[in-house]
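As structure tokens, the structure follows; a few thoughts come after it.
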Amino acid sequence: MSTLDKVTVLGGGVLGGQIAWHCAFKGKTVVIYDISEEALDRCRGAHGQYASIYLAEIGASEQDIADTYARLTYTTDIASAVAGQDLVVEAVPEIPELKTKVYTEIAGLLDARTLIATNSSTLLPRDFAEATGRPGKYCALHFANLIWTLNVAEIMAHPGTAADTLTHITEFAIEIGMVPVPMHREQNGYVLNTWLVPLLNAAQTLVTNGVATPEDIDRTYMIVNRGVPRGPMGVFDVIGMKTAYDVLAYWGERNDDQQMLANAAYLKENFLHQGKLGLQSGQGYYNYPDPAYADPDFLSVPQISSASDIAARAMLT
Ligand code: NAD
């Protein structure tokens, strides 16, 4: 039986909101900390959507949903959010300086026994271990977006992580219904993002450079991977444009990758500046709740009468 029952999630955004909801659904007592009431309201809104999804898709009862809500607390008070907790899951933006600041801020507020796990997508726990003030009690526990169905939890230590920390984190992951995936060494992006980030960056390059439309990129992907629910541009929407931008901007800068920086700039100009944050805000590459890729005809062979329009789009620009 896991000893990690009282959990705080730092950052109630796209992933923090899902982690908090899912942990509460699985019986954990969960505090969500965010920096503003607006952010907490967005999180509450997302939880309303998850309640509907859990009822419709994973067999939750109305009582399960009421119990989940009863186990959730939302706060902007950091000290009370983290005091006396068993586990703190950090899900703040993918910006190294910001994560360091948050760890430093909470270091003196935690009980000695509290474990910390980062949900970072592409950074390494070794980069933050010292800032936590408790390196032995710190590792990465990375969840996938759409946590209730894409239930992998990647576990990554840094050289100073204690063995029993990894045991408790693994037990915790299993208790909340995850398939744990241990990394044998530190790796930016774990398993999942080692291929997903390059895939998304490559797809975005096609859009940024005007090679093909987002719909045609997704159509191609969905036909050759028959059965998948969306293509890479649809995945951008699920991830959220803010985090997609943070990842491409940081790694573009760090690797002096001009194409990746151009891709980040494209996301900033065409989405962030327009308030289109992806699925959670209702608009990204697609409009929700009925994105074009979910239309049964999205992958159909077109009518012959549309050939001239398609051919016109094949004229080189
Ligand atoms: P997000 O932008 O949707 O949410 C981040 C939240 O953190 C926001 O609500 C923001 O208000 C809050 N925040 C900002 N500063 C804070 C602070 N000082 N203290 C506490 N909260 C603060 O980002 P996200 O997509 O949920 O990503 C969060 C983390 O999860 C990142 O490390 C990201 O790489 C990782 N992650 C994201 C996904 C994804 O698909 N979006 C998947 C797996 C992991």
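The values are calculated or read from the model by the stated rules, or taken from the named source; none is laboratory data. Bear in mind that the values here come from a model prediction, so they are computed numbers and not experimental data. In this analysis, Cβ positions are derived from the backbone assuming ideal geometry, glycine residues included, and neighbour counts consider all displayed protein chains. These accessible areas exclude ligands, DNA and RNA; they are computed on the full protein's heavy atoms, side chains included. Shrake-Rupley method; radii C 1.70, N 1.55, O 1.52, S 1.80 Å.
General observations
- Hits in segment 248-273 - residues which are among the aromatic types (Phe, Trp, Tyr), under 15 Å from Asp237 (Cα atoms) and within 20 Å of the chain's Cα centre (by Cα): Phe271
- Complete set of residues in segment 115-128 that are crowded, with 23+ Cβ neighbours inside 10 Å and assigned to a loop (DSSP other than H, G, I, E, B): Ser120, Ser121, Phe128
- Pick from segment 15-49, criterion open to solvent by less than 20 Å² (accessible area, probe 1.4 Å) and more than 10 Å from the ligand (Cβ to nearest atom), ranking: nearest to Asp111 (Cα to Cα): Val30
- Among all residues of segment 2-14, there is at least one that is open to solvent by 40 Å² or more (accessible area, probe 1.4 Å) and acidic (Asp, Glu).
- Within segment 238-259, the set of residues being open to solvent by less than 30 Å² (accessible area, probe 1.4 Å), of a type outside the set (A, V, I, L, M) and near the ligand (Cβ under 10 Å from one of its atoms) comprises Gly240, Asp246.
- Residue list for segment 243-267, restricted to those being among the hydrophobic types (A, V, I, L, M, F, W, C) and under 23 Å from Gly11 (Cβ atoms): Ala244, Val247, Leu248, Ala249, Trp251, Ala264, Leu267
- Against the list (1) out of contact with any Lys or Arg (no Cβ under 9 Å at 6 or more places or on another chain); (2) within 13 Å of the ligand (Cβ to nearest atom); (3) among the hydrophobic types (A, V, I, L, M, F, W, C), the condition Ala173 fails is (2).
- Among the residues of segment 108-124, those identified as within 15 Å of the ligand (Cβ to nearest atom) and out of contact with any Gly (no Cβ under 9 Å at 6 or more places or on another chain) are Leu109, Ile116, Ala117, Thr118, Ser120, Leu123, Leu124.
- Filter result (part of a helix (DSSP H, G or I) and buried (at least 20 other Cβ atoms within 10 Å of the Cβ)) within segment 95-114: Lys99, Val102, Tyr103, Ile106
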